[in-house]
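Following: one structure in structure tokens, then a few remarks.
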Amino acid sequence: MQPRKIILLGSTGSIGTQAIDVVDAAPHLFEVVALSAGGGNLELIARQAVHTKAQAVGIAYGDPHELRRLIGAAASAAGLRNYDPAIITGPDASTKIAAIEADVVLNGITGSIGLAPTLAALKSGAILALANKESLIVGGALVKAAAAVDQIVPVDSEHSAIAQCLRAGTDKEVEKLILTASGGPFRGRSREQLRDVTPAEALAHPTWDMGLMVTTNSASLVNKGLEVIEAHLLFDVPLDRIDVVVHPQSVVHSMVEFVDGSIIAQASPPDMRLPIALGLGWPDRVPRAAKPCDWSQATSWTFEPLDSVAFPAVELAKDAAKQGSTFPAVFNAANEEAVEAFHAGRIRFTDIVDTVESVLSEHSGSLELTVDSVLDAERWARTRTHDRLANSTL
């Protein structure tokens, strides 16, 4: 059997680097044919290109001549002769890379800029291993209409867990989806106690190693709100039948409740290589993709309800999803601007979600959901958020 041809979008990020680990561990199953990244770390993407022998490399920004030089130096150091991949540059580089013929496109880009590459991957006919939740959330019906049955495989650990649990029953037997949340670094704190937390504290996630935006979103539980919308779109389960429960150990990644009262949970130690491997190999499992739970050691798993007063982001996300249209895009864009303002020291942590709520209240939606209407709504949300926070001081 020939290895699956894999394209990695966002190769220098957390998902991309771990995906290369998965490929390295199973070279008989996977072969990287192309990769792309923003361009902030040209040395790393050059090393990745040489390591994987990718046929094409894309960067959104950065000097292509410098990238070519770095690839040549890395190839020489590795003893790889005559390695000369195609280099694609510009804002649409990942979209062009996603359209290359492959079996699986792993979209590990962060943010709604992943929408065009997601649509390009779906149009190509490849399986889309989706870690870029924002593209599905802001694209909504656009992405679903572009996807064939079973063409999208979730890579977020929670949605990968749900996909695995759903194998235990039929669609009509599903009562509820239950997403777990670690609670982040501020679990147990009241809203008042959250007012003065610092950016450094918000980035001190107890379980996962992620970038600035995703880590901050996990601290505010905006990320969990986005995941609720994603679950609704991926699995066609109504929003009022999707719950969130806090599980600090992050071993049970999510659960499905069935109509007879049975609950099926997927459990494994926190390691994104497992859902990444499932995304690349679905529906087959990749042997030894990650270490299992160690049952020779005593352990305890705890669960507690979500405090929606201290962390209102999940309910706000549900409200945005219920309104549909471009409201989820506004939710996401306003949050990204507010997070940047928080890390710049201009607003308090609790102001992030409060600002998103205010901007959403001013939005009227779009009559037709198109790529252009999504982009217009995002631009409006970013401008409105920026204007609202322009004169903010602590």
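The values are calculated or read from the model by the stated rules, or taken from the named source; none is laboratory data. Just so we're clear, the structure is a prediction, and the values are computed from it rather than from any experiment. Positions of Cβ are generated from backbone atoms using ideal geometry, with glycine treated the same way; all protein chains shown enter the neighbour counts.
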Go through the residues of segment 86-99 one by one and say whether even a single one is under 17 Å from residue 53 (Cβ atoms) and under 23 Å from the mean Cα position of the chain (by Cα).
yes
Picking from 160, 135, 190, which residue would you name as being touching a residue at least 40 places away in the same chain (Cβ under 8 Å), buried (at least 19 other Cβ atoms within 10 Å of the Cβ) and of a type outside the set (A, V, I, L, M, F, W, C)?
160
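Would you check if residue 36 is in a loop (DSSP other than H, G, I, E, B), crowded, with 23+ Cβ neighbours inside 10 Å and touching a residue at least 24 places away in the same chain (Cβ under 8 Å)?
When the stated conditions are applied, residue 36 does not pass them.
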Given the options 353, 309, name the one that is of a type in the set (Val, Ile, Thr), in the same structural domain as residue 178 (by TED's automatic domain parsing) and in contact with a helix residue (DSSP H, G or I) (Cβ under 8 Å, 6 or more places away or on another chain).
309
Within the bounds of segment 242-262, is there any residue that is outside any helix (DSSP H, G or I) and closer than 23 Å to residue 341 by Cβ?
no
Evaluate the following for residue 70: is it farther than 20 Å from residue 131 by Cβ, among the hydrophobic types (A, V, I, L, M, F, W, C), touching a Leu at 6+ places or on another chain (Cβ under 6 Å) and surrounded by 14 or more Cβ atoms within 10 Å (Cβ to Cβ)?
yes
Within segment 306-360, which residues are of a type in the set (S, T, N, Q), in a helix (DSSP H, G or I) and within 18 Å of residue 374 (Cα to Cα)?
323, 332, 335
Taking the residues in segment 305-364 that are touching a Pro at 6+ places or on another chain (Cβ under 7 Å) and within 17 Å of residue 391 (Cα to Cα) as candidates, determine which candidate is surrounded by the most Cβ atoms within 10 Å (Cβ to Cβ).
342
Can you pull out the residues in segment 24-43 that are closer than 18 Å to residue 106 by Cβ and touching a strand residue (DSSP E or B) at 6+ places or on another chain (Cβ under 8 Å)?
29, 30, 31, 32, 33, 34, 35, 36, 37, 38
Subset of segment 185-221, residues under 19 Å from residue 18 (Cβ atoms) and acidic (Asp, Glu), comes to 209
